[in-house]
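Working notes, structure below.
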Amino acid sequence: MFPNFHLPDAPFLISNAMTELERIRHSAAHVLATAILKIWPEAQFAAGPPVEQGFYYDVDLPHRITPDDFEKIEAEMKKEIKANHVFERVEISRAEALAMAERGELAALSPRGVPSKFKLDILQGIPDGEAITLYRNGEFTDLCAGPHVLRTGNIGAFKLTHVAASYYKGDERNPQLQRIYGTAFKNKTEMEAHFALIEEAKKRDHRKLGREMELFHFDDDVGPGLPLWLPNGTVLVEELEKLAKETEFAAGYDRVRTPHLARENMYLTSGHLPYYAESMYPPMDFQESGEEGAKSEKYYLKAMNCPHHHKLFGAVPRSYRDLPLRFAEYGTCYRYEQSGELFGLMRVRSMQMNDAHLYCTEEQFEAEFNAVNQMYLRYFQIFGIQKYVMRFSTHDPAKLGEKFVNDPVLWKKTEDMVRGVLQRSGINYVEIPNEAAFYGPKIDVQVWSAIGREFTIATNQVDFAVPARFGLKYKTRDNTEATPLCIHRAPLGTHERFIGFLIEHYAGNFPLWLAPEQVRVVTIGDDAALVESGQALVTELRSHGVRAKGDFGTDPIKAKIADAEHRRVHTMLVLGNRDLEAGAVSVRLHGKGNLGAKPRAEVVAGILESIRTRAA
RNA sequence: GCCAAUGUAGCUCAGUGGUAGAGCAGCGGUUUCGUAAACCGCAGGCCACGGGUUCGAACCCCGUCAUUGGCUCCA
């Protein structure tokens, strides 16, 4: 018996409705296990499912498998595939299965006298009445719900890709296993296409483009996860803030500003301490000596803006006439994320959040929540974001008073309202129980990075608990006091993650309104008349706020164009003697080539219009 | 935080124990040219950091830091 496994909330499940590709990959996982056992007979296996990019198998083995071992393992796998063993399905009784697991015959080539500890544990988690099946390929037998391909030879092409650590059943209290990742396809051509796609995706990786385009920088002396914005990146930051400010102003928000830190006491009130302390930077601890002796004072960098905003709500007596009250701030927050979690701009330790807190009555809630959702959709339209999922997280009634605030009535009411808003506005969403914030249900918007990692890019949360902890009140129409509901929302997420996402979304080719260098005026040669005319054009554009530069040097036009293209300048305006005589300028768009000569006034007007409308 | 890999010029990378290299970018010249790269030259490095082994270390060993791939966690 393996002691004390911590079980996840959802049971281990392998769907029976697998696609052919998934069956190939799932089968490849079994072949991988077979190969590992041939080399290291003592290996113990946990789970080996197909995943989006391929498959993995979790193995417990004293030998540390490194990529250097792949060749050896792949050679054994090839033998199994060449042998073309049948994947044989056997249905057996629970008692038989348990006995086999005790004898160590599951995920094994032959009995080995040591129980198949993980398989035994998995078996015990299978509900009574469910069929228990084994799959055999050659000498290898595994507990498995299937399905598989017919024969090992049906695995047309495969490759081991990397090793990683994982905890058994994803719980860090469980033993750590080695996860061997690989991928498999019907044939070699499809596999090569897959690797080519990955290479393409890497070119869009925001970390690579961020360096190339001089958008941001990380520095050892500043610290891990603390991005510095270079001038080009700062343009993106400020354009987003401009968009947010315009949008929020139009939607009736008020802007506020709050400091980056606060005393310990505020986070005790908010409930973030001690439960959240691990994801906060350690406090600044002051020893202030006064007449009554030394006194310790702790200040924390803020991990979220809500407590500060709540304090602003409470700073002035509020009436129902003031509601809804909407406080917006691009607040800078600091979270001490675990070192292994940091990932370029997508997961950082200092971040500026497109935050706002909306305080309203229960009657106003639905309209407010709906307006917030409409704001999301408008943003996504501007950016042309189509591949996203709205994830509606609800509470689990069994965990009231533990993981969730114990107020079943308000949970039901707010969840129904949120669901209603989602349904009536025709937004696609998935509902996920047990994932709500402790203070209320929430909607997260999930997107994927170029290399396929999933991120929450925006969040919209209902809070019916924390305002009460802060004693927030407003005078009702009948002169009693009531506590407002609060909506936390960040449709543009944080600058860091949102810009990281946008870099990949646009593959660095930003629309004109966002492009760090919007226009470059390029002269053909450096004749005095050309330079003068080019400089006048740059000056005119800059006077309208356009980020324009001139390249009036002696380099050949080809070289100047190549430079501007490499730097992803959105619009290149080429000025030669021919254009000068015609009062024209020839327009070239990044990645789109030469559009030909046009009157200067028309070109300038077009640029201004495109920026004004934030055209795609 | 955990497991593993990686760390050489601003960037991309060569360099397996014997005087640190290339391309691009940068700088200086020459070139005066119609839409993705003209030519010549120059400069640039505590080989992440700290210890060790060795006559000698970018290279071998140990530790630290950072990054990357995953696991847990999240905007």
Charge context of residue A:106, other residues only, Cβ under 15 angstrom, K/R +1, D/E -1: -4
Given A:78/A:117; A:159/A:203; A:245/A:558, the pairs whose alpha carbons are separated by over 32 Å: A:245/A:558
Beta bridges per DSSP with both ends in the stretch A:491-616, % antiparallel, nearest 5: 55 percent
Cβ-defined net charge surrounding residue A:409, 15 Å radius [Lys, Arg +1; Asp, Glu -1]: -2
Those lysines that a straight Cα-Cα span of less than 28 Å connects to residue A:413, excepting residues fewer than 8 apart in one chain: A:311, A:399, A:403, A:442, A:473, A:475
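For chain A, what does the accessible surface come to per residue with a 1.4 Å probe? Please give it in Å².
With all protein chains present, chain A gives 48 Å² per residue.
Summing -39500 (n - 2.57) over the DSSP H runs of n ≥ 4 in chain A and dividing by its residue number, what mean residue ellipticity at 222 nm do you reach, to the nearest 500 deg cm²/dmol?
For chain A, the value works out to -10500 deg cm²/dmol.
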Per residue, the convex hull volume that the Cα atoms of chain A enclose (Å³): 227 Å³
Local net charge near residue A:58, Cβ-Cβ under 12 Å (Lys/Arg +1, Asp/Glu -1): +2
Accessible area of chain A belonging to carbon and sulfur atoms, whole % at 1.4 Å probe: 51 percent
From the C-alpha gyration tensor of the stretch A:66-132, square roots of 5λ in Å: 28, 16, 11
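The values are calculated or read from the model by the stated rules, or taken from the named source; none is laboratory data. What you are looking at is a predicted structure, and each value in this text was computed from that prediction instead of being measured. Glycine also receives a Cβ, built like all others from the backbone with ideal geometry; neighbour counts cover every protein chain displayed. Remember, those area values only see protein heavy atoms, side chains included, never the ligands or the DNA or RNA. Shrake-Rupley method; radii C 1.70, N 1.55, O 1.52, S 1.80 Å.
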